[in-house]
Amino acid sequence: FFLLRFLDGRRHINPWLRLAVGILGAGIAAVAVPELRVAALWFPELGYKLALGLAAVPFTVFCVLCLKHGSNLADGLNGLFL
């Protein structure tokens with residue numbers, strides 16, 4: 001993600017290509033590192049745990065991309081991200 005952001009700062013990269021590379025990178029990381037996956041959602045107030053099963057990798061990719069894009073939005077706002 002760092003390299004992609006660096007290259008995008010130097011030359012404008014198509015947003016669809018950035019999204020595709022982000023999905024691919026997060027997907028590879030989620031498959032290669034099982035500890036990275038969000039395998040279950042736990043709701044302690046309800047005493048309920050929802051195992052994601054096969055949806056764990058797509059959900060993890062979604063969460064990583066949301067974090068990446070959210071941090072990108074807050075990045076230029078006077079140190080708001082820090």
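The values are calculated or read from the model by the stated rules, or taken from the named source; none is laboratory data. Just so we're clear, the structure is a prediction, and the values are computed from it rather than from any experiment. Cβ atoms come from the backbone with ideal geometry, glycine included; neighbour counts cover every protein chain shown. Only protein heavy atoms, including side chains, enter the accessible area calculation; ligands, DNA and RNA are left aside. Shrake-Rupley method; radii C 1.70, N 1.55, O 1.52, S 1.80 Å.
Miscellaneous remarks
- Against the criterion of being more than 20 Å from LEU7 (Cβ to Cβ), in contact with a helix residue (DSSP H, G or I) (Cβ under 8 Å, 6 or more places away or on another chain) and open to solvent by 70 Å² or more (accessible area, probe 1.4 Å), VAL57 does not qualify.
- On the stretch given as region 1-47, residues that are loosely packed, with under 10 Cβ neighbours inside 10 Å and touching a Gly at 6+ places or on another chain (Cβ under 9 Å) total 0.
- Filtered by the rule that a residue be of a type in the set (D, E, K, R) and assigned to a helix (DSSP H, G or I), region 17-63 gives ARG18, GLU35.
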